[in-house]
Amino acid sequence: MNRKSADIPASPTSDDYQATADANAAEIFNREEPFALFADWFADAKSKEPNDPNAMALATVDADGLPDVRMVLLKGYDQDGFVFYTNLESAKGEQLLATKKAALCFHWKSLRRQIRVRGDVTSVSAEEADEYFNSRARDSRIGAWASKQSRPLESRFALEKAVAKEAARFGVGNVPRPAHWSGFRLIPTQIEFWRDRPFRLHDRLVFHRDKSGWSQERLYP
């Protein structure tokens, strides 16, 4: 199939290479520990990425081994891992509970950087889930009760009706966390930091964790 030349990105010129090389001259893999490096990059993303710097692709597999991926929001991280929340009866909730493994990818287009994370998954505590759920907007908490996430929906009106029903049920009182809504923590065994460089000669630094701690190595692009 023919495509208009305007649809195809132009190859970098030598001037483009020099300009980009100058902009990327500073060493950014300047941490020996991956969470410290993640904190640096995440801080940059929060100051420069125009929308949802905490957005990340979450990859899982279903019972047939078929991969599944969707965007979710990072809601916390520390030395123990990366935390996000969902309906446990959704497709991703069921897949995470079944396999206890997942992968994440942060892509910050404005920074021309990405971070890939792989590892084991565990459930957050009820106390953690309650604390985060109670911090959400009231309408979001009601929505968690109304939505049968990932299951067939006959019409938008049916969803709005379910939301109205739950809103009426709770009135002006507290909206507690549903038992089917909670969070997961991905405990990384591998974290890769990637930076765009001219002519596809990208920088890649990967951290691996075993019983003795973290090790690191650079990879060919």
Completion exercise
With a Förster distance of 41 angstrom and the Cβ-Cβ distance between Phe170 and Asp64, calculated FRET efficiency to the nearest 0.05 equals 0.60
Practice task
Can you put Leu205, Leu96, Leu58 in order of Cβ neighbours within 10 angstrom, beginning with the fewest?
Solution key: Leu205, Leu96, Leu58
Practice task
Would you kindly derive the ³J(HN,Hα) couplings of the stretch 202-212 from the backbone phi angles with the Karplus curve 6.51 cos²θ - 1.76 cosθ + 1.60 (θ = phi - 60°), listing them in order in whole Hz, with x for Gly and Pro?
Solution key: 6, 8, 9, 10, 10, 9, 10, 10, 9, 5, 8
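If contacts are Cα pairs under 8 angstrom and at least 6 residues apart, what is the relative contact order of the chain in percent?
20 percent
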Exercise for the section: Using only Cα atoms, find the angle between the long axis of helix 34-48 and the longest principal axis of the chain, and express it within 0 to 90 degrees, rounded to the nearest 10. Expected result: 80 degrees
Problem - Of Leu153, Gly76, Thr86, farthest towards positive along the dipole that unit charges on Lys, Arg, Asp, Glu beta carbons give the chain - result: Leu153
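How big is the charge dipole of the stretch 28-218 about its Cα centre, in debye rounded to the nearest 20, if each Lys and Arg gets +1 on its Cβ and each Asp and Glu gets -1 on its Cβ?
Charge dipole, the stretch 28-218, about its Cα centre: 500 debye, nearest 20.
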Handout entry: Karplus-derived 3J(HN,Hα), 6.51/-1.76/1.60, for each residue of the stretch 135-145, Hz, glycine and proline x
Key = 7, 6, 4, 4, 4, 5, 5, 5, x, 5, 6
Fill in the blank from the handout: The FRET efficiency for Leu201 and Val163, from their Cβ-Cβ distance with R0 = 35 Å and rounded to 0.05, is 0.10
Exercise for the section: Report, in degrees rounded to the nearest 10, the 0 to 90 angle that the Cα long axis of helix 156-170 makes with the longest principal axis of the chain. Expected result: 60 degrees
Exercise for the section: Using +1 at the Cβ of each Lys and Arg and -1 at the Cβ of each Asp and Glu in the chain, identify which of Gly171, Ala126, Leu37 lies farthest towards the dipole's positive end. Expected result: Gly171
Exercise for the section: Below 20 Å Cα-Cα, how many Lys pairs turn up in the chain? Only count pairs eight or more apart in sequence, or on different chains, if you could. Expected result: 14
Handout entry: Fewest-first sequence of Phe35, Phe84 by Cβ atoms within 10 Å of each Cβ
Key = Phe35, Phe84
Completion exercise
Once amide hydrogens are built 1.01 Å from N within the peptide plane, the residues lying 5 or more places from Gly119 or on another chain with amide H under 5 Å from its amide H are Ala102, Thr189
Handout entry: Extension gain (nm, one decimal) between Ser47 and Ser140, 0.36 nm per residue minus Cα-Cα
Key = 30.9 nm
Practice task
Specify which labelled value, from (i) 139; (ii) 125; (iii) 195, agrees with volume of the Cα convex hull per residue in Å³ derived from the coordinates of the model shown.
Solution key: (iii)
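Bear in mind these aren't lab numbers, they're just calculated from the coordinates by the rules spelled out. Keep in mind that this is a model prediction, so the values were computed, not measured. Reconstructed Cβ throughout: ideal geometry from the backbone, glycine too, with neighbour counts over all protein chains shown.
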